[in-house]
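All remarks here apply to the structure that follows.
Just so it is clear, none of the values below were taken in a lab; they were calculated from the coordinates. From a predicted model like this one, the values you see are computed outputs, not experimental measurements. Note that each Cβ is placed from the backbone with ideal geometry, even for glycine, and that neighbours are counted across all protein chains shown.
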Amino acid sequence: LHACAWCFGPLEVVYDYEAVAAAVSRESIAAGPPSMWRYGALLPADAAGAVSLGAGFTPLVRADRLAAELGLGELWIKNDALNPTGSFKDRVVSVALSRARELGFKVAACASTGNLANSVAAHAARAGMRSVVCVPADLEPAKIAASAIYGGEVVAVEGNYDEVNRLCGELAGEHPDWAFVNVNLRTYYAEGSRTLAFETAEQLGWQAPDHVVVPVGSGSQLTRIARGFRELHAVGLLDELPEVRVSGAQAAGCSPVAAAFASGSDTVRPVRPHTVAKSIAIGDPADGVYALDAVRSAGGGFGSVTDEEIVEGIRLLARTEGIFTETAGGVTIASLAQLAASGVVRPDERVVAYVTGNGLKTLDALAGEAAGEGRGGGAPAGRGGVGPTVTITPTLAAFETAIRSLEEARS
């Protein structure tokens with residue numbers, strides 16, 4: 001079972017927190033592996049037999065330069081772009097496929113906007129399982145290649161993610177020994193996102209932040225992060241019950257949860273996605289209403305940012321902190337800027353922003369930025385873009401002339 005027979009809503013794993021508290025301590029976690037499986041006692045699969053590529057325990061980076069740009073105080077970036085396949089999806093897939101093997105599933109599968117397909121294909125290869133991943137046909141070429149390289153089946157579907165997901169829901173019924181990680185294994189899959197909260201608290205010296213900003217696609221990641229902080233108190237790893245304000249981030253071209261929040265509605269109405277942030281372009285989010293409730297109950301807010309703001313968010317994070325994120329991370333940073341400007345995220349708070357994927361996956365979103373590159377004797381690139389700053393002939397004079405021109409333009 002993976003859904004409620006009455007309302008078709010998602011089922012959730014229930015834990016015996018007293019038993020977990022008796023089995024886990026800060027010391028036992030510190031002695032564990034430098035991966036998400038250091039929290040094995042808090043996960044719904046056997047850590048000893050985990051399907052793992054070493055995901056998790058990614059850097060939590062103090063972002064003072066970005067904070068200064070946004071008028072904030074203590075700001076941290078949780079950089080999940082450094083997971084094995086370049087996104088946070090390695091966390092959820094590791095849990096889902098570990099449990100899938102325990103339950104006897106033979107084939108790893110998923111519906112994906114790219115990052116999940118990469119991770120399922122890689123983890124299946126690691127586990128010696130066959131993989132079948134279904135993606136929209138217009139997905140970024142880099143993400144298709146990064147799934148196909150592992151030798152599994154990559155099925156491109158002529159439709160958006162919601163149509164792909166609906167197809168996979170039907171396929172799960174037709175192939176009962178296939179583990180569709182975000183369909184019939186979704187209950188276990190979603191639990192991997194909780195490790196983002198666990199790591200954040202541990203890396204902050206077993207303290208919770210005041211405010212977190214999380215990108216929202218299906219909404220599952222946000223709800224599990226919010227719950228994860230509370231669970232740490234339930235098992236004795238945090239001394240006080242944390243009161244973490246939780247804010248969400250969506251692209252304006254696919255923002256059903258942000259729209260519901262802004263209008264005060266309790267209904268998340270499906271939309272047809274149209275945004276460069278394809279990895280979170282889910283028009284009918286399965287956990288949307290739960291993400292909406294989590295943000296409201298925590299006193300947070302919702303950002304909704306344009307494609308232009310998303311690209312600027314990518315550039316801002318790279319320029320200030322040396323972190324190159326994909327478009328979903330651009331949504332997070334642009335929404336953080338928006339929420340800071342409106343006073344929802346405050347300067348007196350300890351803030352953590354979650355960057356969930358590597359920028360090398362979505363270079364297409366920056367392609368237009370390189371248009372108008374300089375040529376010949378040293379004209380600068382258009383809009384200060386991501387192509388060469390200047391192109392010169394191979395002479396000392398040409399170099400000096402170009403550098404002087406650039407310095408004058410910036411002074």
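If I stretch the segment between Ile149 and Arg346 completely, what's the gain in nm (0.36 nm per residue apart, minus their alpha carbon distance), one decimal?
Taking 0.36 nm per residue and subtracting the Cα distance, the gain is 66.5 nm.
Across all directions, the average flat footprint of the convex hull enclosing the Cα atoms of the stretch 240-302 is 4.5 nm². Full extension of the chain segment joining Thr393 with Glu174 gains 72.6 nm, where the gain is 0.36 nm per residue of separation less the Cα-Cα distance. Counting every C-alpha pair in the stretch 119-241, the share spaced more than 22 angstrom apart comes to 49%.
Principal-axis analysis of the Cα atoms of the chain puts helix 89-103 at an angle of about 20° to the longest axis. Tell me, Kirkwood radius of the stretch 184-300 from alpha-carbon pair distances, in Å? Value: 14.6 Å, from the Cα pair sum. Peptides 322-335, 9-22 ranked from most to least packed, by the mean per-residue count of other Cβ atoms within 10 Å: 322-335, 9-22. What residues from the stretch 4-32 fall in the zone where the backbone N is under 16 Å from a label point 7 Å along the Cα-to-C-beta line of Asp293? Under 16 Å, as judged by backbone N against the label point of Asp293, lie 4-14 of the stretch 4-32. Distance from the C-alpha centroid of the stretch 166-222 to that of the stretch 101-121: 13 Å, rounded to the whole angstrom. Axis angle, to the nearest 10 degrees, between helix 161-174 and the longest C-alpha principal axis of the chain: 30 degrees. Relative to the longest principal axis of the C-alpha atoms of the chain, give the angle of the C-alpha long axis of helix 396-410, reported between 0 and 90° and rounded to the nearest 10°. Between helix and principal axis, roughly 70 degrees. Short-range pairs are left out: with C-alpha atoms under 8 Å and at least six residues apart, the relative contact order of the chain is 16 percent. Taking 7 Å steps out from each Cα toward its Cβ at Asp138 and Ala367 produces label points 1.3 nm apart.
How would you classify the stretch 184-253 from its alpha-carbon gyration tensor, with a ≥ b ≥ c the square roots of the eigenvalues: rounded for a/c under 1.5, else prolate if a/b is greater than b/c, otherwise oblate? Oblate, since a/c reaches 1.5 and b/c is not below a/b. In plain terms, the bigger the Kirkwood radius, the slower the diffusion; for the chain, with that radius from Cα pairs, at 37 °C and 0.692 mPa s, Stokes-Einstein puts D at 150 µm²/s. Assuming a ≥ b ≥ c are the square roots of the Cα gyration tensor eigenvalues, decide whether the stretch 1-126 counts as rounded (a/c under 1.5), prolate (otherwise, with a/b larger than b/c) or oblate. Prolate, because a/c is 1.5 or more and a/b exceeds b/c. Treating r as the C-beta distance of Thr306 and Arg230 and R0 as 60 Å, the FRET efficiency rounds to 0.95. Report the calculated FRET efficiency for Ala409 and Leu360 (r = Cβ-Cβ distance, R0 = 30 Å), to the nearest 0.05. Working from the Cβ atoms, E equals 0.55.
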